[in-house]
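Every number here is computed from the coordinates shown, using simple stated rules; none is lab data. Just so you know, these numbers come straight off a predicted model, no measurement behind them. Positions of Cβ are backbone-derived with ideal geometry, glycine not excepted, and every protein chain shown enters the neighbour counts.
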Amino acid sequence: MRLAITLGFLVALFAAAAWGLSRFASGAAPAPAAVVKTTATASPIKPAKPAIDAALEAARSSIVFGSFLGDGNRRTYGQGPAPKSLNLIWKVKLGSGKTRRKLDDKPVSWAGNGWTGQCTVVNEAGRDYLLVGAYDHNLRRIDALTGNVIWTSLFDDVIKGTNTVFANPHPTGDEDRIIVAAGSRRGSDYKVGDPRIAPFRAVSFATGRELWRFPIPKTPQYSQDVDSSSLLVDDTLYVPVESGYVYGLDPSRTQPWLDWVSPVQRYRSPELWTAADVATHKDIGGANIAIEASVSRIGSTLYQPSGAGHIYGLRLPDLRVVWDYRTGSDIDGTAAVTRDNKLVCTIEKQYIAGHGGAMMLDPSRPPEQATMWYFPTPDHGIGEWAGGSVGSAAINDETNKDGSRPALAAFTSVDGNLYVVSQDTMAPKKVPRFDGTGAYPTPVEVFHGSIGGSISTPAFVGDTIVAAGYGNAVELFRVVYTPAAQGGSGVELPARDGSRWKVAVKRVAKFKAGAGFEATPLVWKGRVYIGCRDGWLYCLGDK
């Protein structure tokens, strides 16, 4: 009798699971008992493993630029060649959308797209498609060649950050084989603390349909947004959120949540702030302990800059804190990982006695011994920023793999300049620390030039730098390398292979738009793709 009851229960359970899976695929509202089973493992029919592996590998290989600054190294800015000019090839209207102002929580309208706002790229059947979020609350899939919009997916608020595209480790079919994960501000119709706030979403690359959403908790942080880009490691999606946590999610398993479904949480970091940070980082509506940077990866450790004034090392897979470098400043820039596993980071002026700027850290050393150099920028601010660098630093490691050219870093500052510095050659004199005490080595400056105050991250591809800012322009700079033995102008620097070069930076092209640029440019096969606060996404290059 017990056996008969057990068998009957199992049959009913599998029937419910199959019914729930079919409703997930069709877009119908999920039944609470069945939604948990909306995974590949819940299907009663399992393809042969080689077929699964082949489909998964094909999906992975089609994602050719999958996250902010490429991948976990955060040092890729697209695919060459870079263009020689910045002619308008096409533009797509992004429009505008409502959001709430931090100052008084009143609704305002924002146009175009902004920080970090970089396009990602998927190649399907030999054709490249862009994925980009915008301030009209929509995530778009766009034909990179023509600018034709394939689909739009509506979020609850403006989308600021860069999406992450990944191959689903356990797909149920074509619709969820490639997933686009993106965050937005909390929701323009929601007050802070509303239980419905879930701005991190996953949608289908094939159709744009929502697959799941993830709720963000209220903490001492004043916001509940998601501006960071996530990172898939094995089959876990690591997601930084402004509330001050990093989550490890299972993107292939869902469970009921209010009227929607939410991914299963595997891990959550500890609080990535301290009581002292909350007390000193005061802001309107709470503390400014926001995580807005994206995670970078070196081996089994993720590195997460935080607005609480720390760069944390988080152990994989459980996100335990194993390294904590404290600046005390606001940090929004994502750390670039050099080819020898150093971190090039940016910091802002806020909350510190010294200047903001850029630095190189060696995370293999204890935090108190990790600073290799520091490059401060003048305290000349714009808007809410008193100085320093808000965007990320760009490095030329991916286009200088053999070390035959000097190692360089480039970054913008709110003081109005693009800076280019050596990664490994130091100036004769040290500079004051960012906390106003002691001194650090500082790298040789190669170039600085005005582009208007900027929070955008420059793109470094080959010998070309693309930079943009509040000067209402995208600008093209050429790095000129001349063998030192030939003389000529420029700063003399060694390359890692022992050769010596004169290095100069020349401004070669400019494209003027109707407003400032906050987004990060993508260089892709002779074109530059970048969104603007004037309401348009621009495709620029050689005609």
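Points worth noting:
- Relative to the Cα centre, the charge distribution of the chain, modelled as +1 at Lys and Arg Cβ and -1 at Asp and Glu Cβ, gives a dipole magnitude of about 620 debye.
- Relative contact order of the stretch 446-516, taken over Cα pairs closer than 8 Å and 6 or more residues apart, is 30 percent.
- Kirkwood-based Rg to Rh ratio, the chain, C-alpha trace: 0.99
- Evaluated at q = 0.18, 0.24, 0.25 Å⁻¹, the base-10 log of the normalised Debye intensity for the stretch 137-229, with identical point scatterers placed on the Cα atoms, takes the values -0.81, -1.20, -1.26.
- A Förster distance of 35 Å, applied to the separation of the beta-carbon atoms of Lys102 and Lys525, puts the FRET efficiency at 0.35.
- For Lys342, the lysines whose Cα comes closer than 23 Å to its Cα, not counting residues fewer than 8 places off in the same chain, are Lys401, Lys429, Lys430.
- Placing unit charges on the Cβ atoms only, positive for Lys and Arg and negative for Asp and Glu, gives the stretch 81-240 a dipole magnitude near 640 debye about its Cα centre.
- Reach of Lys218 by Cα under 25 Å, taken over lysines that are not fewer than 8 positions away in the same chain: Lys98, Lys102, Lys106, Lys160, Lys191, Lys282
- Between Ala54 and Lys401, residue separation times 0.36 nm minus the direct Cα-Cα distance comes to 121.9 nm.
- Between Ile284 and Asn123, the contour length at 0.36 nm per residue exceeds the alpha carbon distance by 53.6 nm.
- Partner lysines for Lys84 [C-alpha distance under 21 Å; skip if fewer than 8 residues away on the same chain]: Lys506, Lys510, Lys512, Lys525, Lys543
- Note on the chain: dipole from Cβ charges, positive end direction compared against Ser204, Val420, Leu69; the farthest Cα belongs to Ser204.
- Additional length obtainable on full extension of the chain from Thr425 to Lys191, 0.36 nm per residue less Cα span: 79.3 nm
- The residue list Thr146, Tyr135, Val108 was ranked by how far each Cα lies along the charge dipole of the stretch 99-169 toward its positive end, using unit charges on Cβ atoms, and Val108 comes out on top.
- Estimated [θ] at 222 nm from DSSP helical runs (n ≥ 4, -39500 (n - 2.57)) normalised by residues in the chain, nearest 500: -2500 deg cm²/dmol
- Projecting the Cα atoms of Gly490, Pro169, Val192 onto the charge dipole of the stretch 47-541, computed from C-beta unit charges around the Cα centre, puts Gly490 farthest toward the positive end.
- For the chain: relative contact order, % (alpha-carbon pairs under 8 angstrom, 6 or more apart): 13 percent
- Summing Lys and Arg as +1 and Asp and Glu as -1 over all other residues whose Cβ lies under 15 Å from the Cβ of Ala206 gives a net charge of -1.
- Anisotropy class of the stretch 277-362 from Cα gyration tensor, a/c 1.5 cut: oblate
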